[in-house]
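Asks: This is the structure, below, for whatever I ask next.
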Amino acid sequence: MRSQDVQAAPRLQPEELRTALAELKAVQAEVSRVYQGPASVSQMLLVSLLAGGHVLLEGVPGVAKTTMVNAFAEAVGASFKRIQFTPDLLPGDITGTFVLDMKENAFRLRRGPIFASVVLGDEINRAPAKTQSALLEAMQERQVTIEGETMALPAPFLVLATQNPVEQEGVYPLPEAQLDRFLLRISMSYPSPQQEAKMLASHGAGRPAIRPVLTIKRVLELIETTRKVGVTDTVQRYIVALAIATREHRAVLLGASPRASLALQAAARAHAILNGRDYANVDDVRRVARPVLAHRIILKPAVAVGGVTQEDIVAAALRDVPYDPA
Ligand SMILES: Nc1ncnc2c1ncn2[C@@H]1O[C@H](COP(=O)(O)OP(=O)(O)O)[C@@H](O)[C@H]1O
Ligand SMILES: [Mg+2]
């Protein structure tokens, strides 16, 4: 990489980068005490934390989605709330409600579980659309309005939502047009036989305790650090070319938007930090492209496109758009 290529931005000091990398590895090490599976899952959660975006975790029941998010929130040292989505959950159960204080004879706001730095929205597709919207709006605006009163949510504010595959009965699929409020969609699958055996061995005496590695203050600093990661013109042109390729695919109704390109750049910066670099390269972009882009692509009706998936569209873009390896 040519250094003059890097956009003028406050440079990241080597010391700052080294410290960040050590802390992030420590978070991953903590999480791996509880979750036996590919390191890419905790890596992608860190990408979202650093890039300031939300995550949709998908997988069948019992693959440790809830366990993973709990462990991650604890390791990051953030205030943490879990919201279990159910068919009778109301928007006010998420944001909060005014309750009558008998002693004062006045209405007092009872803040909902959304007021935390890390919020686990568990099984969000089990609640109807109106309740999902309360969460999706808070994610987008980083504030909530309760009976006309607007209140800011904490910073950082990270929503990790889990969802079971939508083919199940009695679930409400998330509105396609709102899926792009998630920076990343991550699929969690079954562990390998070795990982599953290791899980059995490590679960004898209950779940291992997680030590907090970071603090809220450090998380905010790390988000600042991530913003200083350099991105060259070449890499930016590659991001744009990938987005355009998804728009032009014959099976696609609506491809990656410019907002998706921005998300791709932010995630690539975070991925670079996790690899100890102060600049993002084409490889960073390629590594995050699938979780950043796939869920934002709206396909033409199934009859017209056969079995093509959103992931296939991203894979085709990664295959067809030319690039110079890093
Ligand atoms: N890969 C894994 N590593 C560690 N524990 C696992 C793994 N997969 C499943 N488990 C265990 O299985 C149980 C169910 O996990 P849970 O987080 O409730 O799953 P989900 O939220 O996906 O339904 C927990 O006790 C969890 O520790
Ligand atoms: Mg669960």
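Asks: Scan region 80-96 for residues that are in contact with a strand residue (DSSP E or B) (Cβ under 7 Å, 6 or more places away or on another chain) and away from ligand 1 (no atom under 12 Å from the Cβ) and report the count.
Replies: Going through region 80-96 one residue at a time, the tally reaches 7.
Asks: For the list (1) touching a residue at least 12 places away in the same chain (Cβ under 8 Å); (2) within 12 Å of ligand 1 (Cβ to nearest atom); (3) part of a loop (DSSP other than H, G, I, E, B), I need the number of the one condition that Glu196 fails.
Replies: Among (1) touching a residue at least 12 places away in the same chain (Cβ under 8 Å); (2) within 12 Å of ligand 1 (Cβ to nearest atom); (3) part of a loop (DSSP other than H, G, I, E, B), the lone unmet condition for Glu196 is (3).
Asks: Here's a follow-up. For region 136-146, state whether one or more residues are part of a loop (DSSP other than H, G, I, E, B) and more than 16 Å from ligand 2 (Cβ to nearest atom).
Replies: yes
Asks: With within 26 Å of Arg11 (Cβ to Cβ), charged (D, E, K, R) and in contact with a Leu (Cβ under 6 Å, 6 or more places away or on another chain) as the only criterion, which of Asp278, Asp283 stands out?
Replies: Going through Asp278, Asp283 in turn, just one is within 26 Å of Arg11 (Cβ to Cβ), charged (D, E, K, R) and in contact with a Leu (Cβ under 6 Å, 6 or more places away or on another chain): Asp278.
Asks: Being touching a Pro at 6+ places or on another chain (Cβ under 6 Å) and buried (at least 18 other Cβ atoms within 10 Å of the Cβ) narrows it down to one of Ile114, Ile83, so name that one.
Replies: Ile83
Residue by residue, here is whether (1) in a helix (DSSP H, G or I); (2) without any contact (Cβ under 8 Å) to a residue 60 or more places away in the chain; (3) assigned by TED's automatic domain parsing to the domain that holds Val235 holds:
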site: Ala267; (1), (2), (3): yes, no, yes
site: Ala289; (1), (2), (3): yes, yes, yes
site: Leu293; (1), (2), (3): yes, yes, yes
site: Val308; (1), (2), (3): no, yes, yes
site: Leu318; (1), (2), (3): yes, no, yes
site: Asp324; (1), (2), (3): no, no, yes
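Asks: Another question, then. Can you tell me which residue among Asp320, Asp283 is acidic (Asp, Glu) and under 22 Å from the mean Cα position of the chain (by Cα)?
Replies: It is Asp283.
Asks: Hey, Ala155 hits all of (1) part of a loop (DSSP other than H, G, I, E, B); (2) more than 16 Å from the chain's Cα centre (by Cα); (3) within 25 Å of Arg111 (Cα to Cα) but one; which does it fall short on?
Replies: Going through the list (1) part of a loop (DSSP other than H, G, I, E, B); (2) more than 16 Å from the chain's Cα centre (by Cα); (3) within 25 Å of Arg111 (Cα to Cα), Ala155 breaks only (2).
Asks: While we're looking at this one, here's another question. Kindly evaluate Glu74 against the criterion of being loosely packed, with under 14 Cβ neighbours inside 10 Å and not hydrophobic (A, V, I, L, M, F, W, C).
Replies: no
Asks: Looking at region 199-209, is at least one residue touching a helix residue (DSSP H, G or I) at 6+ places or on another chain (Cβ under 6 Å) and in contact (Cβ under 8 Å) with a residue 12 or more places away in the chain?
Replies: Taking every residue of region 199-209 in turn, none turns out to be touching a helix residue (DSSP H, G or I) at 6+ places or on another chain (Cβ under 6 Å) and in contact (Cβ under 8 Å) with a residue 12 or more places away in the chain.
Asks: Oh, and also: Within region 185-193, is there a residue that is out of contact with any strand residue (DSSP E or B) (no Cβ under 7 Å at 6 or more places or on another chain), more than 16 Å from ligand 1 (Cβ to nearest atom) and of a type in the set (Ser, Thr, Tyr)?
Replies: No: zero hits.
Asks: Let me ask another. How many residues does region 268-279 hold that are closer than 16 Å to Asp324 by Cβ and under 19 Å from the mean Cα position of the chain (by Cα)?
Replies: Matching residues across region 268-279 total 1.
Asks: Which of the residues spanning region 27-76 are in contact with a strand residue (DSSP E or B) (Cβ under 8 Å, 6 or more places away or on another chain) and within 12 Å of ligand 1 (Cβ to nearest atom)?
Replies: Val41, Leu57, Glu58, Gly59, Lys65, Thr66, Met68, Val69, Asn70, Phe72
The values are calculated or read from the model by the stated rules, or taken from the named source; none is laboratory data. Remember, it's a predicted structure, so these values are computed and weren't measured experimentally. Cβ sites come from the backbone with ideal geometry, for glycine too, and all protein chains shown count toward neighbours.
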